[in-house]
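The values are calculated or read from the model by the stated rules, or taken from the named source; none is laboratory data. Bear in mind the structure is a predicted one, so any value in this text is a computation, not a measurement. Cβ coordinates were reconstructed from backbone atoms using ideal geometry, including for glycine residues, and neighbour counts include every protein chain displayed. Protein only, heavy atoms only, side chains kept; ligands, DNA and RNA dropped before computing areas. Shrake-Rupley method; radii C 1.70, N 1.55, O 1.52, S 1.80 Å.
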Amino acid sequence: MSTVLVNVRYEPFTLPGNDMEAGLLVSLVLFLLQPSQHTEVVIIHDYTLPGVNKLVESFSERWAATTILTATPAPDLSQLLVALTSFHTNDLRYMVLLCSANTTWTVFDMVSRHNLESRRVRWLVVGEDPYLADTLLYSVREGSMVGLTKRTTSDIYKIYSSYINHNNQMRFQEVGTWTGSNESRLRHPLFPDIVKLYRDFLGRELVTSAVTHMPFIQVKILKNGTKVAERGIDVSIINTLSSHLNFTYRVMVPADRKWGVVQEDGTVIGMVGDVHYRRAHLAVNEITITDSRETVVDFSYPYFFDTSSIVSRGPTEKNRSLAIFHPFSFLMWIVVGLMTLLMGPLGYLFSRVHHQLTQTFDSTHNERSRNVGPSFDSGRIKWGSEPGLRGVEMFCFNMFRTIIIQGNLLPASSWPLRLVFFSWYAFCLILYTVYAGTLTAYLTKPSFTKPINSLEDLVEARERGVVPTVTYGTSTLQIFKTATSGIFKAVYDVMDPAISFPPNVIVDMKNIVEKNTARIAGTVGLEVDAIKYLDIDYHISLGTFNPQFYGVVCPPGAPYTAAMNLVLGQLVQSGLVSKWQRDEVVRMKQKSGQGGGGRNMGQGRGTVKPLTLDHLQGAFYILWCGAVFATNILFIEAAVQHLATSHSNTE
């Protein structure tokens, strides 16, 4: 490493009472930290360092933003939590540790166990314990930037700065010497700029946690058991990071093969758990940034945007035997039937009222003028010689003839009745035109059952036996599980615990075929999963929901997140991430013949076809039913007539 002289102003500090030891400590700390009036300084001590009492007193009097923590008999965890997590300004916070090796071990053990590493905290360890350096090597994790002073003579200190070597081990390098005079110099910064420091990982081998899920990542297991990231969008991401930041990586697969969530007992599972417990340095695998996850890990800037969709079995073609009823809804058919039944009595009522009025006010009317209605004789319509009204059954029958475009055989001799007929004719004409056009469309183009295009459709489909599913251990499941109201709560309420939370993607997709489920997941991955696993026609919802961003998962307080953000920002702005997505999806579609081979019914549901006997079988059913019913009536009439004849002969 090349030498860079760092100019630091030396200010000798004299304490009242000629306490030279305390004055020496104050001068050393001032030399290393150069605090301003707004710098936040936390001093942790255990009274083991000579002169520490005077140092604490004088330091707190000179700088208002100073917090004093006493680590006797042991550090107070609650105070340490506040000191490391509660920031009053955007500046860095300096933690000055003036303790023995045992107390120092305890402090950093608390930091490690509670994941309190922070990019905004700098540690300065000052002490004379000979085991202090070794203690730090075994207790400090990556994420804690540590400066160490080691006293060589009464007034000379060697200054060391922590770093991670190419073997991922914590080490200290000498960066300067403090002599208590103007000759004191730092050859390198005590706390180097993190972004500049991690632009070069020195060829380190990082561990990344991953689970196979295309088009994002494909993990291949070699014959010797080594796991290799073979292809995918996220493989391109991590390869680019590796190239730009000078590191290599090896892949580990979490034991549960899940993405990872924070469970109710506080434990963390999946890839997120691997990073949280520092079994892995990072995870790049379609991992959604959520508030819950951000409490246990750090995320990079988002590099990918996605939404959630629903994949289910493809809509099935409706039964053609009932195709003639499809143009109208069930309620519409009820209304049309009631209107047909109502118009017969209505027409009869108008005719009867007109007839009575005519009889009352024109008693001298001749025989022809009193004849207001036709008579029915042997199936032929003719003017009767006797006055009278046709029965209500005749009006109902002719109203039915009109609605099926067979014409009305009843004359309208009065204007009220003519107006009734006129309105009924207009109604029937509109109804017939709409019905005929809609029926033609239904018959020439196949009609399908209602597809699932939204969460509301999914709740409704539960009545048809469709069960919503979400892969266990994903952020999508947490959204439904934690919902207290609205459509997310409604979907979760109709889930079946026995099958709604499959352990992995393969089981989730298999259930669509075998158990008529509907899977909820990220849209991009869902499309590829359907191509790969489904050998039936399927449907991906046209509506999407739950917008989500994917990021690189890093341990809490990881110092290299900022360096990765620079590279990720360049990738997103250049459009490379979008290109990798398109390339992977196209490749999977071209390869779909080797996978499931199903067809996305959402991309088109058939073309116009000529009508066949299969389309109009419903009409033949009606004709057949009418013939059967008429035959039964005929037999009943014959039986009644036979009984009547027999009774007459008996008498």
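Over region 261-315, what is the mean sequence separation of C-alpha contacts under 8 Å (at least six apart), divided by residue count, expressed as relative contact order in percent? Walk me through the numbers on the way to the answer.
On the way: 28 pairs, mean separation 15.0, N = 55.
Result for region 261-315 is 27 percent.
In whole Å, largest first, what are the principal axis extents of the Cα atoms in region 111-252?
Between the extreme Cα coordinates on each principal axis of region 111-252 lie 63, 28, 28 Å.
What part of the accessible area of region 200-329, given as a whole %, is carbon or sulfur when the probe is 1.4 angstrom?
The value for region 200-329 is 50 percent carbon and sulfur by accessible area.
Whole-Hz ³J(HN,Hα) for each residue in region 266-283, computed from phi via Karplus 6.51 cos²θ - 1.76 cosθ + 1.60 with θ = phi - 60°, x for glycine and proline: what do you get?
Rounded to whole hertz, the list is x, 6, 10, 10, x, 4, 4, x, 4, 6, 4, 8, 6, 7, 9, 7, 6, 9.
Convert 25 °C to kelvin, take the viscosity as 0.890 mPa s, use the Kirkwood radius over C-alpha pairs of region 510-587 as Rh, and evaluate the Stokes-Einstein diffusion coefficient in µm²/s, rounded to a whole number. Write down the numbers at each step before the final one.
Numbers: Rh = 15.6 Å.
Translational diffusion coefficient: 157 µm²/s.
Rolling a 1.4 Å sphere over the protein heavy atoms, what is the accessible area per residue of region 131-180, to the nearest Å²? Kindly include the intermediate steps, with their values, before the conclusion.
Numbers: 2150 Å² over 50 residues.
With all protein chains present, region 131-180 gives 43 Å² per residue.
Using a 1.4 angstrom probe on the protein heavy atoms only, line up Phe427, Phe191 by accessible area, largest first. Numbers along the way, then the final one.
Numbers: Phe427 70, Phe191 40 Å².
The ranking, largest first, comes out as Phe427, Phe191.
Carbon and sulfur: what percent of region 77-194's accessible surface (1.4 Å probe)? Walk me through the numbers on the way to the answer.
Values: 2450 of 5200 Å².
Percent of accessible area from carbon and sulfur atoms in region 77-194: 47.
Compute, for region 395-511, the length of the dipole vector about the Cα centre, with Cβ point charges of +1 (Lys, Arg) and -1 (Asp, Glu) only. Units Debye, rounded to 20.
Numbers: 9 positive and 7 negative charges, 80 e Å.
Result for region 395-511 is approximately 380 debye, rounded to the nearest 20.
Quick one: pull the percent of accessible area on region 437-561 belonging to carbon and sulfur, 1.4 Å probe, ligands and nucleic acids left out. Don't jump to the answer; show the numbers that get you there.
On the way: 2690 of 4780 Å².
Heavy-atom surface of region 437-561 belonging to carbon and sulfur, 1.4 Å probe: 56 percent.
So what J values fall out for region 448-463 if you push phi through Karplus, 6.51 cos²θ - 1.76 cosθ + 1.60 with θ = phi - 60°, rounded to Hz, Gly and Pro as x?
Running phi through 6.51 cos²θ - 1.76 cosθ + 1.60 with θ = phi - 60° gives 10, 5, 5, x, 8, 10, 7, 5, 5, 4, 5, 5, 5, 5, 4, 5 Hz.
What percentages, rounded to whole numbers, describe P(r) for region 266-336 computed over all alpha carbon pairs with 10 Å bin width beginning at zero?
That works out to 14, 28, 15, 9, 11, 18, 5, 0, in percent per bin.
Quick one: which residues, 5 or more positions from Met95 or on another chain, have an amide H under 5 Å from its amide H? H modelled 1.01 Å from N in the peptide plane, none for Pro or chain starts.
Val42, Arg122, Trp123, Leu124
Each residue of region 417-424 in turn: what ³J(HN,Hα) in whole Hz from Karplus with 6.51, -1.76, 1.60 and θ = phi - 60°, glycine and Pro shown as x?
Once θ is set to phi - 60°, the couplings for region 417-424 become 5, 4, 5, 4, 5, 4, 5, 5 Hz.
For region 441-503, with every protein chain kept in place, what is the accessible area per residue (1.4 Å probe, Å²)?
Accessible surface, normalised per residue, equals 45 Å².
Amide H to amide H under 5 Å from Val219: which residues, 5+ apart in sequence or cross-chain, H placed 1.01 Å off N in plane?
So Val219 has HN proximity to Thr212, His213, Glu230.
Mind checking which lysines have their C-alpha under 19 Å from Lys445, skipping anything on the same chain fewer than 8 residues away?
Output for Lys445: Lys318, Lys609.
Provide, for q = 0.13 Å⁻¹, the log10 of I(q)/I(0) from a solvent-free Debye sum over equal Cα point scatterers in region 61-185.
Once normalised to I(0) and log-transformed, intensities are -0.56.
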